[in-house]
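Below: one structure, written as structure tokens.
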Amino acid sequence: MSSKENMMYCHKCGAQSAPGQQFCPQCGTKLILADESEQSQTTPKAKAPSAAVSVSSVESSYSSNPLTRPNADWQMQSAQSVSRPAPTRSGTNMTVVVTVAVIAAAIIVYIGVSLWATRYRSFQSAIDACETQFDSEHWEYNVGDDYNMFVIGDNGRSLTITTNSDNIDIAVCVLHELDMPNSVQSKMGHTRPLDGTQTDKWDGITATWTYSDDELTVILEH
């Protein structure tokens with residue numbers, strides 16, 4: 001091999017260098033010797049790891065981590081929680097409204113029944129209230145067995161009062177306890193025999209009365 005064939009040229013700047021030189025005399029770049037060039041050509045390059053290896057390694061690390069490893073029971077609970085709808089606020093509010101309405105209706109019915117029962121006992125209650133306001137002999141003579149002034153019938157829903165000038169004060173007391181308006185009392189006081197049967201109403205009570213033979217007969221009905 002001639003010396004010309006052994007001459008080297010810088011792969012960067014192209015300057016000629018003597019055989020055996022390691023650096024370019026022009027730019028200082030390290031020269032590539034012939035045996036190094038051949039070795040680099042014959043040495044196989046390392047292959048980059050494939051995507052499959054990366055994926056498998058990630059899957060392996062995922063499955064080996066107990067905190068990230070999926071659990072069959074957990075998956076079942078998750079599916080159940082998704083399929084079971086959570087109670088909505090509107091449904092809860094509707095339940096509360098219905099409950100309150102039922103309670104309110106029950107209270108109204110109870111009050112209505114109590115008032116209805118009291119209403120039918122009011123005739124006797126009015127009589128009892130007036131009894132304490134009069135002399136016992138006067139009361140017994142007019143209301144007792146000798147003169148039955150009050151007759152309660154129809155399971156307490158009607159009261160018949162028979163009164164005259166001797167016991168009109170007791171009758172007025174009972175009518176006052178029943179909250180009879182003054183206008184109705186005035187009509188009764190001015191009724192004549194020729195007027196026939198008269199009637200009027202107040203607070204759910206119907207009053208029917210007649211006057212004959214110096215007696216006033218009043219029938220009160222709920």
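A few points about this structure:
- Sparse-neighbourhood loop sites, trypsin sites (Lys or Arg not before Pro) in region 150-222 - DSSP loop, at most 16 other Cβ within 10 angstrom: R157
- Among residues other than T163 with Cβ under 12 Å from its Cβ, the summed charge is -4 (Lys and Arg +1, Asp and Glu -1).
- Highest-first arrangement of 21-29, 165-173, where packing means the average Cβ count within 10 Å: 165-173, 21-29
- Using the Stokes-Einstein relation with a Kirkwood hydrodynamic radius computed over Cα pairs, the translational diffusion coefficient of region 158-222 at 20 °C and a viscosity of 1.002 mPa s comes to 182 µm²/s.
- Within the accessible area of region 120-222 (1.4 Å probe), percent carbon and sulfur: 44 percent
- Debye, to nearest 20: dipole size of region 160-201, +1 on Lys, Arg Cβ, -1 on Asp, Glu Cβ: 200 debye
The values are calculated or read from the model by the stated rules, or taken from the named source; none is laboratory data. Everything numeric in this text was worked out from a predicted model, so none of it was measured. As a convention, Cβ positions derive from the backbone with ideal geometry for all residues, glycine included, and neighbour counts pool all protein chains shown. Note: areas computed on protein heavy atoms with side chains; ligands, DNA, RNA excluded. Shrake-Rupley method; radii C 1.70, N 1.55, O 1.52, S 1.80 Å.
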